[in-house]
1. Going by the conditions given, is residue 9 surrounded by 10 or more Cβ atoms within 10 Å (Cβ to Cβ) and assigned to a loop (DSSP other than H, G, I, E, B)?
2. Taking segment 41-64 as the region of interest, how many residues are at pLDDT below 80 and of a type in the set (Val, Ile, Thr)?
3. For segment 26-74: of the residues being part of a loop (DSSP other than H, G, I, E, B) and open to solvent by 100 Å² or more (accessible area, probe 1.4 Å), which is farthest from residue 3 (Cα to Cα)?
4. Among the numbered conditions (1) within 24 Å of the chain's Cα centre (by Cα); (2) open to solvent by 100 Å² or more (accessible area, probe 1.4 Å), tell me where residue 22 comes up short.
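The values are calculated or read from the model by the stated rules, or taken from the named source; none is laboratory data. Not measured: the values here are computed from a predicted model. Glycine also receives a Cβ, built like all others from the backbone with ideal geometry; neighbour counts cover every protein chain displayed. When the accessible area is computed, the model is the full protein with side chains, heavy atoms only, and any ligands, DNA or RNA have been set aside. Shrake-Rupley method; radii C 1.70, N 1.55, O 1.52, S 1.80 Å.
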Amino acid sequence: MSTKITVRIPLELKKRMEKFPNVNWGDVVRKAIEEKLRELEIREAVEVMDEIASKARPGRPLAEVVREFRDRRR
């Protein structure tokens, strides 16, 4: 299923597009929107991962935490 959106562009841009009638401009716009969405979704995921990682960081050096864990196993 799909939906229709309207995009306003400057008249000069439309005139330039008309020089290339063989280009499917709808596909060009769709691909540009998909690419931008991927970029935004990746950025959002990185922010969430950074937030999770900042909460998971120990208050002391990791090597010290690992050493303590290993010593407890003995």
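1. yes
2. Here the count works out to 1.
3. 74
4. If we test residue 22 against (1) within 24 Å of the chain's Cα centre (by Cα); (2) open to solvent by 100 Å² or more (accessible area, probe 1.4 Å), just (1) comes out false.
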